[in-house]
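Everything below concerns the one structure shown next.
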């Protein structure tokens with residue numbers, strides 16, 4: 001059986017030390033919850049925060065979401081000891097700069113998986129590019145471990161600060177860095193986790209309309225990975241990254257037309273202003289696979305929520 | 001490492017793709033005024049038709065060459081042996097390797113071309129390679145690919161946007177293409193080969209565009225450094241030829257500025273101010289390049305017209 005496609009359309013990053021966020025996370029309908037030990041956790045609470053992860057994993061996944069944890073760049077050993085428990089899907093590693101860092105993460109995670117009865121290779125590594133050094137080493141970082149399955153970054157606050165560029169401008173200030181990262185991801189067959197440019201000059205994180213437009217634009221460019229900070233953007237992202245019924249119907253039609261084309265021996269046809277060729281057929285096949293993966297994910301989440309609610313009654 | 005510095009910068013503004021399986025198309029292609037006719041064995045020939053398309057392709061190359069265009073054949077990176085054995089002949093200028101995946105494929109093509117040159121009485125090393133970097137891996141390895149053989153005379157993204165499924169962003173720009181174009185042009189410049197392509201926007205798709213949109217894509221393409229581009233339809237040829245040629249007004253202005261600058265230099269100045277512009281050594285080289293390019297194109301167009309009219313073409 002082919003490996004299941006990862007479905008990470010929507011997700012919330014939240015400080016693991018804030019109980020009201022963590023306790024409500026399972027109700028949000030996210031594909032993943034990213035439990036943060038990094039920027040949203042105050043320095044004096046770093047040690048305490050780590051001890052919360054094991055229980056928080058069980059808590060946030062009961063509605064069917066996957067659990068990720070974002071660790072601190074400079075506290076790798078201690079953070080990993082505290083967080084790699086059954087149920088964790090991914091370790092997000094911020095400000096990745098050198099392949100050796102990823103190799104080290106891989107070694108520690110591999111040991112912890114064995115020690116704690118986790119199937120080897122379960123825990124992914126999210127190697128996030130947030131600095132110029134990271135951009136310069138993007139390909140080597142992305143290829144440093146088979147645990148890296150989605151790869152992206154080269155935008156956001158840390159990147160802005162590192163490069164000394166402004167954050168909320170009306171043009172794409174990260175064309176080169178994002179390009180490097182996306183090309184590396186594509187060359188290695190990883191899921192690229194950048195996005196087409198949509199201006200956000202206000203810095204809004206909770207505008208559902210904007211979140212939908214952004215997700216829809218990203219989906220149309222072939223992206224699948226979302227995530228945010230505000231509950232308002234969860235549903236718009238999930239919807240924006242999911243193919244519409246019209247797109248699914250159109251994909252079926254494209255494949256029908258392509259099958260006829262193949263029989264005719266032609267390589268392309270213009271049907272009512274739409275080109276049909278092997279590229280459109282490949283795109284249609286991918287869209288249908290993705291649509292089916294989204295439907296399976298939605299079904300699994302609905303079942304998980306129903307189970308929790310049944311127990312509660 | 002080999003860096004190509006001796007290859008003359010040939011005028012190749014328009015590359016008309018003609019399916020090798022459609023012999024009748026090559027007759028009209030000969031009259032299209034394309035700088036290059038690119039006989040295609042990859043994109044527009046189904047697997048079923050490939051064996052018959054290879055038959056007689058060398059004959060088609062010869063016929064097209066008589067019409068004044070240079071002739072390249074687009075070959076499949078995975079079918080190099082069969083494709084090259086079919087098409088190599090003295091009238092062939094070179095090959096475009098489509099869907100290139102690895103440096104090893106360039107080396108394989110180089111070796112095959114050398115053998116075929118020996119066997120078929122072609123000057124050793126004469127056949128060129130244009131590498132079509134359509135996959136992410138090929139673009140990642142662009143520099144190593146571009147230096148893998150001294151035959152490489154050009155780089156293009158080919159149909160990368162379709163191969164990599166890159167689609168329009170809300171701005172109308174094709175996702176990732178600005179980055180990929182600039183990367184390719186930079187690598188081509190570093191290696192000393194010509195970058196081919198155009199700056200397409202929605203709704204242009206995979207080398208197909210209206211004549212007007214083709215013209216705009218060519219003008220933008222020339223502005224970012226491309227030297228010519230590919231097309232599928234004959235009505236795209238003239239928009240490419242004119243889009244990749246400096247306009248008369250542009251050449252005239254460059255000549256005027258250069259004249260004033262040279263006069264000032266003889267007076268001992270290093271730069272002059274004209275209106276709100278500073279014109280210095282760098283700007284004068286740029287103006288000279290525009291003038292040179294335009295005059296090379298004029299000579300090229302005259303030679304092409306002579307060949308089309310059946311007039312004897314002077315030896316280069």
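The values are calculated or read from the model by the stated rules, or taken from the named source; none is laboratory data. What you see is a predicted model; the values in this text were computed from it and never measured. With ideal geometry, Cβ positions are generated from the backbone for all residues, glycine too; neighbour counts draw on all protein chains shown.
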Would you check if residue B:307 is under 30 Å from the mean Cα position of the chain (by Cα), part of a helix (DSSP H, G or I) and closer than 27 Å to residue B:216 by Cα?
no
Give all pairs with beta carbons closer than 9 Å in which a residue from segment A:293-311 that is within 15 Å of residue A:5 (Cβ to Cβ) meets a residue that is part of a helix (DSSP H, G or I); count only pairs at least 6 apart in sequence or on separate chains.
A:294/A:238; A:294/A:241; A:298/A:238
Out of (1) assigned to a loop (DSSP other than H, G, I, E, B); (2) buried (at least 17 other Cβ atoms within 10 Å of the Cβ), the one residue B:270 does not meet is (2)
Residues that are more than 24 Å from residue A:302 (Cβ to Cβ), in a loop (DSSP other than H, G, I, E, B) and either over 17 Å from the mean Cα position of the chain (by Cα) or outside the structural domain of residue A:64 (by TED's automatic domain parsing) (or both): does segment A:220-240 have at least one?
no
Among A:57, A:83, A:102, which is the only one that is touching a strand residue (DSSP E or B) at 6+ places or on another chain (Cβ under 7 Å), buried (at least 21 other Cβ atoms within 10 Å of the Cβ) and within 22 Å of residue A:137 (Cβ to Cβ)?
A:102
For segment A:160-177, give me the residue count where each residue is within 11 Å of chain B (Cβ to nearest Cβ), out of contact with any strand residue (DSSP E or B) (no Cβ under 9 Å at 6 or more places or on another chain) and in a helix (DSSP H, G or I).
2
Of everything in segment A:58-85, what is touching a helix residue (DSSP H, G or I) at 6+ places or on another chain (Cβ under 8 Å), in a helix (DSSP H, G or I) and under 16 Å from residue A:19 (Cα atoms)? Give them in sequence order.
A:59, A:60, A:61
Going by what's in this entry, would residue A:95 be described as surrounded by fewer than 22 Cβ atoms within 10 Å (Cβ to Cβ), touching a residue at least 40 places away in the same chain (Cβ under 8 Å) and within 25 Å of residue A:231 (Cβ to Cβ)?
no
Anything in segment B:31-42 that is over 17 Å from the mean Cα position of the chain (by Cα) and facing chain A (nearest Cβ under 10 Å)? List them, or say none.
B:42
Would you confirm whether or not segment A:35-46 contains a residue that is assigned to a loop (DSSP other than H, G, I, E, B), touching a strand residue (DSSP E or B) at 6+ places or on another chain (Cβ under 7 Å), surrounded by fewer than 19 Cβ atoms within 10 Å (Cβ to Cβ) and in the same structural domain as residue A:72 (by TED's automatic domain parsing)?
yes
Filtering segment A:142-159 down to residues that are within 12 Å of residue A:180 (Cα to Cα) and not in a loop (DSSP other than H, G, I, E, B) yields A:142, A:151, A:152, A:153
Go through segment A:1-23 and give me each residue that's loosely packed, with under 15 Cβ neighbours inside 10 Å, out of contact with any helix residue (DSSP H, G or I) (no Cβ under 8 Å at 6 or more places or on another chain) and within 29 Å of residue A:191 (Cα to Cα).
A:1, A:2, A:3
Can you go through B:101, B:134 and tell me which one is touching a strand residue (DSSP E or B) at 6+ places or on another chain (Cβ under 8 Å), part of a loop (DSSP other than H, G, I, E, B) and within 13 Å of another protein chain (Cβ to nearest Cβ)?
B:134
Scope segment B:82-98; condition more than 16 Å from the chain's Cα centre (by Cα) and not in a helix (DSSP H, G or I); matching residues:
B:88, B:89, B:90, B:91
State all residues of segment A:87-104 that are within 20 Å of the chain's Cα centre (by Cα) and either assigned to a helix (DSSP H, G or I) or farther than 15 Å from residue A:8 by Cβ (or both); if no residue qualifies, say none.
A:87, A:93, A:94, A:95, A:96, A:97, A:102
Scanning segment A:207-224 for residues that are crowded, with 20+ Cβ neighbours inside 10 Å and under 20 Å from residue A:157 (Cβ atoms), which turns out farthest from the other protein chains (Cβ to nearest Cβ)?
A:211
Can you tell me how many residues within segment A:199-210 are under 21 Å from residue A:166 (Cα atoms) and either at pLDDT 95 or above or assigned to a helix (DSSP H, G or I) (or both)?
1
Within segment B:1-81, which helices (runs of 4 or more DSSP H) (wholly inside it) include 2 or more residues that are under 22 Å from residue B:109 (Cβ atoms)?
B:50-54, B:57-66
Matching residues, segment A:229-254, being closer than 21 Å to residue A:273 by Cα and in contact with a strand residue (DSSP E or B) (Cβ under 7 Å, 6 or more places away or on another chain):
A:254
Please verify whether segment A:252-272 includes one or more residues that are within 22 Å of the chain's Cα centre (by Cα) and either assigned to a helix (DSSP H, G or I) or within 14 Å of another protein chain (Cβ to nearest Cβ) (or both).
no
Take the residues of segment A:182-206 that are more than 16 Å from the chain's Cα centre (by Cα) and closer than 16 Å to residue B:170 by Cβ: which is farthest from the other protein chains (Cβ to nearest Cβ)?
A:201
Select from segment A:99-124 the residues that are farther than 18 Å from residue A:57 by Cα and in contact with a helix residue (DSSP H, G or I) (Cβ under 7 Å, 6 or more places away or on another chain) and list them in ascending order.
A:99, A:102, A:104, A:105, A:108, A:120
Within the group B:120, B:48, B:54, B:62, which residue is within 14 Å of chain A (Cβ to nearest Cβ), farther than 26 Å from residue B:186 by Cβ and out of contact with any strand residue (DSSP E or B) (no Cβ under 7 Å at 6 or more places or on another chain)?
B:48
What is the residue count in segment A:273-288 for residues that are under 25 Å from residue A:6 (Cβ atoms) and more than 8 Å from chain B (Cβ to nearest Cβ)?
6
